[in-house]
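Report on the structure given below.
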Amino acid sequence: PKAKGWLSPGLSLYQGFYCPSKIVPNIISFQNHFQAHDQDIVLASKPKSGTTWLKALAFSIVNRKRCDQLSNCALLKSNPHELVPFMEFSLYANNQLPDFSTMSYPRLFSTHIPYESLPESIKQTNCRIVYICRNPLDIIVSHWHFANQACLEHNTHWTVEEFAEAYCKGEEAFGPFWDHMLGYHKVSKENTNKVLFLKYEELKKDTLNQVKKLAEFIGFPFSKEEESQGIVEEILKLCSFGNLKELDVNKHGKFMPYFENKSYFRKGEIGDWVNHLSDSMVEKLNKVIHEKLNGSGLTFKENC
Ligand code: A3P
């Protein structure tokens, strides 16, 4: 049996993108009712691009002064998805009017929805969006593992070829991936104050500078004093794959009724696709990537 909501037929085409059919009403509620504030920070991504990592980093950056020491940070006791909730999976799940009264400013939210379909108030206010992008080949492999291993709802048996084929056609959750990436990429070029476009690969290779850039963009730059005290490094360590994966809160428990917290921490590396995708699949995918991204300025160095 195949779990629904990963690939067709469990997806619905809504406003030009594919999404798990059961969350369409949540997306509509989010679009119709959410009122953004200038201070809000929205973390946007395609699934499996490094959302969890970005949530951990943004949360630690924003809250570093609230908890007297990072060793007290709420990240040690809660899964990043609890601290930075998804609009369409959590806040607006069967709920048109979520209670935001307990959230302090700046509020941190996340979403997988494409830029074009975000509520108008997110676009019109001064709220900021951080987008994390990842090499589609690694997204596919990560997504395939996630679908087969993470979903407790069903005993699923997708093949990696099924995932790769679906991505070639753009028929994947929140896809087509090229439209998703290019939508945010375009706004990040036109309005540098609105969207910060990060890449998982750059975050892995140059974490320190990328995290400083992130902190500055969201309005919480590190002071010289903090830098000399090693606060940036502390945040990097706190949010590192090895640290988060080993926390009790991430080893056990579930995020929503059906995702195990541990399934958000699999391997955390660049280029795992070489171990799973055949040469012909890679060739086909690279052709699609090249055709769709051509001329946009968005490239993935390792494979294209
Ligand atoms: P892999 O499956 O390739 O290991 P998302 O958070 O968007 O669902 O993405 C999950 C991917 O990010 C998984 O990739 C996961 O292992 C990786 N990841 C999670 N936390 C990370 C961290 N702190 N550093 C680097 N990668 C991380």
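The values are calculated or read from the model by the stated rules, or taken from the named source; none is laboratory data. All of these numbers come straight from a predicted model, not from anything done at the bench. So basically every Cβ, Gly included, is an ideal-geometry build from the backbone, and we count neighbours across all protein chains shown.
In table form, for the structure just shown:
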{"read-out": "Tabulated pairs, the stretch 291-302, first surrounded by 10 or more Cβ atoms within 10 Å (Cβ to Cβ), second part of a loop (DSSP other than H, G, I, E, B) and small (Gly, Ala, Ser), C-beta under 7 angstrom, 6+ apart or interchain", "value": "GLU302/GLY271"}
{"read-out": "Close pairs from the stretch 101-127: first surrounded by fewer than 19 Cβ atoms within 10 Å (Cβ to Cβ), partner among the β-branched types (Val, Ile, Thr), Cβ under 8 Å, at least 6 apart", "value": "PRO106/ILE41; PRO106/VAL62; PRO106/ILE218; ARG107/ILE41; SER117/ILE27"}
{"read-out": "Subset of the stretch 252-262 [modelled with pLDDT of 90 or more and within 25 Å of GLU201 (Cβ to Cβ)]", "value": "ASN261, LYS262"}
{"read-out": "Selection status of HIS145, modelled with pLDDT under 95, surrounded by fewer than 21 Cβ atoms within 10 Å (Cβ to Cβ) and assigned to a loop (DSSP other than H, G, I, E, B)", "value": "no"}
{"read-out": "Test: ASP272 is of a type in the set (Asp, Glu), modelled with pLDDT of 95 or more and surrounded by 13 or more Cβ atoms within 10 Å (Cβ to Cβ)", "value": "yes"}
{"read-out": "Options VAL84, VAL62: the member that is touching a residue at least 40 places away in the same chain (Cβ under 8 Å), under 20 Å from LEU214 (Cβ atoms), touching a Leu at 6+ places or on another chain (Cβ under 8 Å) and within 16 Å of the ligand (Cβ to nearest atom)", "value": "VAL84"}
{"read-out": "Pick from the stretch 38-59, criterion part of a helix (DSSP H, G or I) and within 11 Å of the ligand (Cβ to nearest atom), ranking: nearest to PHE163 (Cα to Cα)", "value": "THR51"}
{"read-out": "Only listed residue being part of a helix (DSSP H, G or I) and either at pLDDT below 95 or within 12 Å of SER60 (Cβ to Cβ) (or both), chosen from LEU208, LEU244", "value": "LEU244"}
{"read-out": "Of all residues in the stretch 1-55 being hydroxyl-bearing (Ser, Thr, Tyr) and modelled with pLDDT of 95 or more, the one that is surrounded by the fewest Cβ atoms within 10 Å (Cβ to Cβ)", "value": "TYR14"}
{"read-out": "Lone qualifier among LEU285, LEU244 - being aliphatic (A, V, I, L, M), more than 11 Å from the ligand (Cβ to nearest atom), within 27 Å of ILE140 (Cβ to Cβ) and surrounded by 16 or more Cβ atoms within 10 Å (Cβ to Cβ)", "value": "LEU285"}
{"read-out": "Qualifying positions in the stretch 101-117 - closer than 19 Å to LYS55 by Cα and touching a helix residue (DSSP H, G or I) at 6+ places or on another chain (Cβ under 8 Å)", "value": "PRO106, LEU108, PHE109, SER110, THR111, HIS112, ILE113, PRO114, TYR115"}
